[in-house]
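Okay, structure first, notes after.
The values are calculated or read from the model by the stated rules, or taken from the named source; none is laboratory data. Keep in mind that what you see is a predicted model, and the values were worked out from it rather than measured. Methodologically, a virtual Cβ is constructed for each residue, glycine included, from the backbone with ideal geometry; neighbour enumeration extends over all protein chains shown.
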Amino acid sequence: MQFDRVGVFTYSHEDGTSAYALEDTLSQEEKEARAEEIMAVQQDISLAKNESKIGKTFKVIIDKKESGRFIGRTEYDSVEVDNEVIINTTKRLKPGDFVNVTITKAYDYDLEGVLI
């Protein structure tokens with residue numbers, strides 16, 4: 001199975017949860033190693049899925065301007081959690097604007113594109 005998006009957190013022994021009565025038998029180092037292993041697998045999956053978007057056009061909402069570029073996200077992405085879309089343009093855009101962007105580059109967890 002391949003997931004489009006994955007968030008991995010190490011187990012923490014939380015009072016008030018149903019698992020609290022269970023013995024916490026793994027070291028923090030082992031928990032972190034397991035989380036890193038999962039994320040390494042997901043990184044390759046995410047890159048492949050992002051690469052499949054090259055050449056496709058998406059509706060993007062602009063979130064901010066940073067370092068001379070606009071940063072937005074597609075309608076499939078949550079702010080500050082999922083992929084960002086990097087847009088290099090001299091056009092004046094502002095947060096909240098919707099624009100159509102054709103994806104030109106893919107990274108592990110982000111996309112880059114041009115306005116159409």
For this session: Test I103 against the criterion of being closer than 13 Å to V114 by Cβ and at pLDDT 95 or above, and give yes or no.
Result: yes
Problem set entry | One residue from D44, D15 being closer than 30 Å to M1 by Cα, surrounded by fewer than 12 Cβ atoms within 10 Å (Cβ to Cβ), charged (D, E, K, R) and assigned by TED's automatic domain parsing to the domain that holds M1 | D44
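Each row is one residue, and each column tells you yes or no for (1) of a type in the set (G, A, S); (2) under 14 Å from the mean Cα position of the chain (by Cα); (3) outside the structural domain of V8 (by TED's automatic domain parsing); (4) loosely packed, with under 13 Cβ neighbours inside 10 Å.
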position: A48; (1), (2), (3), (4): yes, yes, no, yes
position: G68; (1), (2), (3), (4): yes, no, yes, yes
position: I71; (1), (2), (3), (4): no, yes, yes, no
position: E84; (1), (2), (3), (4): no, yes, yes, no
position: L93; (1), (2), (3), (4): no, no, yes, no
position: T102; (1), (2), (3), (4): no, no, yes, no
position: Y107; (1), (2), (3), (4): no, yes, yes, no
position: D110; (1), (2), (3), (4): no, yes, yes, no
Exercise. Going by the structure shown, is T102 of a type in the set (S, T, N, Q) and not in a strand (DSSP E or B)?
Worked result: no
Problem set entry | Unique match (being part of a loop (DSSP other than H, G, I, E, B) and in contact with a helix residue (DSSP H, G or I) (Cβ under 6 Å, 6 or more places away or on another chain)) among T89, T25, T10 | T10
For this session: Give E30, E37 a once-over and let me know the one that is within 21 Å of R5 (Cα to Cα) and in the same structural domain as F3 (by TED's automatic domain parsing).
Result: E37
